[in-house]
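The values are calculated or read from the model by the stated rules, or taken from the named source; none is laboratory data. All values derive from a computational prediction rather than experimental measurement. All Cβ positions, glycine included, derive from the backbone under ideal geometry; neighbour counts span all protein chains shown. Just the protein is used for accessible areas: all its heavy atoms, side chains included, with ligands, DNA and RNA removed. Shrake-Rupley method; radii C 1.70, N 1.55, O 1.52, S 1.80 Å.
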Amino acid sequence: MSAQSSLEGGGEKSSSISPPATRNISLCFVPLYVDTPQSSFAYCRERVQRIARFIFAEEHVAHSLYVQLLLPLEEGSEGSEGSEGSESSSHFSSLTPAELQDILSSVYEALLESQPLDQSTAVEFSVLPPLDEYRAYLVSDSVRTLVVPCKEELAAYPLINWNKIRHSNGLHALTTEVVNPPTSAASRALLGFSIKAAHFPGASFTTTCKWSVCGGTFDHLHAGHKVMLALVAATSCDKATVGITGPSMLTRKTHVAYMQSYEVRESNTQKFLNLINPSLDYRLVQLEEPFGPTISEAAIELMVCSTEPSVQKGVALINEKRIEKGMKPLEVVSIRLLRPASGFGVHDGKLSSTALREVESLKDA
């Protein structure tokens, strides 16, 4: 959020919006290894790309793909291997907000690079941070299939228990699909590690504040928006305010005629936030001026924003105004721009709503 796109004050808590039951959603899990970040990133990218290419294949019928990130329980923690008979521990492996945004960005880039340009709207994908609240999707009728990179890994998942719960809720059992076995030596070496790490429930990301905030246009909701929204939802344990730029501030946008309506942008934003963490008090507000509650609500603690210079300048101005009013400056979590090597909506080396609107305009040319 910036002085160009901050937050407007007030606003009621938005009503919960559930995804339509007609969607066919595939699910996959990606364990993270925070002790070996380079190996983890390389493994995550290869795993996600192999699964994504399978999902994006023409013959596959999935409408959406959920990529659930997992933190492994530390040795000796409750539920981990070797913990039987030992004193359970509440200490888990963890990620900082900066590390979480980096892995989210990397996984989204891998997905974008795997997506065929001629199937740009065929499959929607969402990367889910390691929060316990995510497990609600397991009792969603929209989630139909668990995708794994090899059949040996199926033993890591409590499918019997999941399907008992689904049956008790009147839902069909999860089906499973296996992608081709890993080919590289690195993937084969990490396969055993991934199975060992995939305990359920896994460890959770630790929230850092009680009230977080972000803002933007959220037009043609894309992976960059989803990283920002995931961070604002993951860092708070109570409230999250999201400012959505109103029409009066968008008149100079490129291809403004192809901008989605405020109502559509608000609805898409709310749906994604509910997927990330349905237990938070979300406050979606329309922005008709730059600052909103960031300079009036002293209880707001943290802001998620991009690293773009104009945005950083706006954030600095917000904190100056807070200090002038005797408030504590906001903690700032900055997220980098997504720069996949290729992908739908990528223009001048970065993902943007402008590029997505341009595609819409070309359809009418």
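Worth a mention:
- Distance between the 7 Å Cα→Cβ label points at R252 and S296: 2.5 nm.
- Accessible area per residue for region 225-319, computed on protein heavy atoms with a 1.4 Å probe, is 37 Å².
- The ratio of the alpha-carbon radius of gyration of region 236-308 to the globular-protein estimate 2.2 N^0.38 Å is 1.21.
- In straight-distance terms, cross-link reach from K226 covers every one of the lysines whose alpha-carbon lies under 26 Å from its own, apart from those fewer than eight places away in the same chain; here that gives K13, K210, K239, K253, K271, K313, K350, K363.
- 3J(HN,Hα) along region 161-176, derived from phi through the Karplus expression 6.51 cos²θ - 1.76 cosθ + 1.60 where θ = phi - 60°, amounts to 5, 4, 6, 5, 5, 4, 4, 5, 9, x, 10, 5, 5, 5, 8, 10 Hz, with x in place of Gly and Pro.
- Amide H contacts under 5 Å for L95: T206, restricted to partners 5 or more places along the chain or on a different chain, H placed in the peptide plane at 1.01 Å from N.
- Annotation for region 300-343 versus region 142-168: alpha-carbon center distance of 40 Å.
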